[in-house]
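Read the structure below first, then the notes.
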Amino acid sequence: MIHPRFFGYGSLVNTRTHSYPDPRPARLDGWRREWRSTDHHPYAFLSARPCPGTVLDGLTADVPNHDWAALDAREAGYERQDVTGRITGGHPEATQIAVYQVTTPAGPEVRPILLSYLDVVVQGYLRTFGEAGLAAFFETTDGWRTGLLDDRADPLYPRAQRLTPAETAQVDAALARLDIPKAVA
């Protein structure tokens, strides 16, 4: 049976944060990542938006029995968008593939990025795509000026993962290159 699939481009790339079956590397054509602040959450969301000429690396995985409700609950604050036909790799026989996007307008207040959230995303990219994939993640993501809240010692992100010392060093080196402002706790 062929199930519908989702395309993950952030925390869903880290298979330690979910148990969706048959995860496979894939690419989404014509989209770009961005950190988004909304009034619905105290911290920035990693979202995606249409952007001709950009390609995102990520994962597709099955949504068994068309049970989108569980995934929709996990991705609260996002809206599901059909990207069938824009995916290469993954599962070519899939008849439906969706991506989650923050569509609510940006709030007036800038919200910081949780370091524990970023750590999860980076860990997924390193383990799935290696250093080249990690570099591509940073190159295809906007919105870093929103700032960073270092919550690594006491994670606020609900799916926080423990990073190896090497993974932590890679996150820290990438952030140093970006010169991201620190948020006030």
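What about Phe7, is it under 16 Å from Gly77 (Cα atoms) and of a type outside the set (Val, Ile, Thr)?
Details: under 16 Å from Gly77 (Cα atoms): no; of a type outside the set (Val, Ile, Thr): yes.
When the stated conditions are applied, Phe7 does not pass them.
Conditions tested, residue by residue: (1) farther than 29 Å from Pro165 by Cα; (2) under 16 Å from the mean Cα position of the chain (by Cα).
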site	(1), (2)
Asp39	yes, no
Gln101	yes, yes
Thr104	yes, no
Pro108	yes, no
Ala132	no, no
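Of the strands (runs of 3 or more DSSP E) lying entirely inside the stretch 27-132, those containing at least 1 residues that are at pLDDT 90 or above, of a type outside the set (Phe, Trp, Tyr) and surrounded by 23 or more Cβ atoms within 10 Å (Cβ to Cβ) are 45-62, 97-101. Look at Arg111 and say whether it is of a type outside the set (A, V, I, L, M) and closer than 17 Å to Glu34 by Cβ. Yes, satisfied.
Let me spell it out: the conditions are (1) assigned to a strand (DSSP E or B); (2) touching a strand residue (DSSP E or B) at 6+ places or on another chain (Cβ under 6 Å), and Asp151 meets all of them except one. Which number is the exception? Just one mismatch for Asp151, condition (1). Regarding the stretch 14-22, can at least one residue be identified that is touching a residue at least 60 places away in the same chain (Cβ under 8 Å), on the phi > 0 side of the Ramachandran plot and open to solvent by 30 Å² or more (accessible area, probe 1.4 Å)? The answer is yes; a qualifying residue exists. Give Ala169, Ala174 a once-over and let me know the one that is in a helix (DSSP H, G or I) and either touching a helix residue (DSSP H, G or I) at 6+ places or on another chain (Cβ under 7 Å) or crowded, with 16+ Cβ neighbours inside 10 Å (or both). Selected residue: Ala174, the only one of Ala169, Ala174 that is in a helix (DSSP H, G or I) and either touching a helix residue (DSSP H, G or I) at 6+ places or on another chain (Cβ under 7 Å) or crowded, with 16+ Cβ neighbours inside 10 Å (or both).
The values are calculated or read from the model by the stated rules, or taken from the named source; none is laboratory data. Computed from a predicted model, the values in this text were never measured in an experiment. No Cβ is skipped: glycine too gets one built from the backbone with ideal geometry, and neighbour counts run over all protein chains shown. SASA here: full protein model, heavy atoms, side chains in, ligands and nucleic acids out. Shrake-Rupley method; radii C 1.70, N 1.55, O 1.52, S 1.80 Å.
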